[in-house]
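Working notes, beginning with the structure itself.
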Amino acid sequence: MVHSVATLLTRNLHEVFGEDDPERRRAAIDEIFTEDAVFYEPEGVHHGREAIDRVAGAIRTAQPGLRYSPLRPPEEMHGLAGRIQWVAAHSREAPAHAGTDVILVRDGRISAIYLFFDPVPA
C-alpha cells in the first residue's frame with residue numbers, strides 16, 4: 001500500500017511511537033516502514049523493522065501513557081521526504097519533550113527517519 005508523506009508522518013507519530021499495544025505497533029511498523037528502514041536518533045542508529053520496534057517498545061515501556069501531538073500539520077517535499085514537529089506529554093500535563101521527525105520515503109513507505117529533539121515550548 002502506498003501512503004502519502006503526511007500520512008506516514010502522522011501514523012509513525014501515533015501508531016508506532018505513540019502505541020502502547022505491541023501487536024498494533026508492530027503491524028503499523030510492518031505496513032509503513034521498508035524492511036531495510038533506518039532510524040537515526042541521538043542515542044544511536046537502528047537498522048530494520050525489528051530494531052525500530054524494539055526502540056519504540058522501550059520508549060513506551062519507559063514512558064507509558066505519553067501522547068504525541070503535532071505542533072502543526074506535516075510538511076511534504078515532492079512526495080519523497082517530510083517532517084513533523086511535535087510535543088509529547090502525559091494527559092493534562094505540560095509537554096515533557098519536543099522534537100522534529102524527518103522522513104525519507106521510498107515506494108510509499110518510510111526508508112529512513114531522523115529524530116531531532118527540540119526545546120520544549122514555553
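Read the figures in this text as sums done on the coordinates, not as results from a lab. Since the model is a prediction, treat every value here as computed from it, not as a measurement. Counting neighbours? That spans all protein chains shown, and the Cβs are built from the backbone with ideal geometry, glycine included.
What the table shows:
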{"quantity": "Net charge dipole size for the chain [Lys, Arg +1 and Asp, Glu -1 on Cβ; Debye, nearest 20]", "calculated": "260 debye"}
{"quantity": "Loop-located trypsin sites (Lys or Arg not before Pro) in the stretch 46-92 whose Cβ has at most 12 other Cβ within 10 Å (DSSP)", "calculated": "Arg92"}
{"quantity": "Computed lengthening from Glu23 to Phe117, 0.36 nm per intervening residue step minus Cα-Cα distance", "calculated": "31.1 nm"}
{"quantity": "Packing-based ranking, highest mean first, of 16-25, 34-43 given that Cβ atoms within 10 Å are counted", "calculated": "16-25, 34-43"}
{"quantity": "Structure-based [θ]222 nm, the chain - -39500 (n - 2.57) summed over DSSP H runs of at least 4, per residue, nearest 500", "calculated": "-8000 deg cm²/dmol"}
{"quantity": "Spacing of the two label points (7 Å from each Cα toward its C-beta) at Glu31 and Thr100, in nm", "calculated": "2.9 nm"}
{"quantity": "Net charge of Cβ neighbours under 12 Å - reference Thr100; Lys, Arg +1; Asp, Glu -1", "calculated": "-2"}
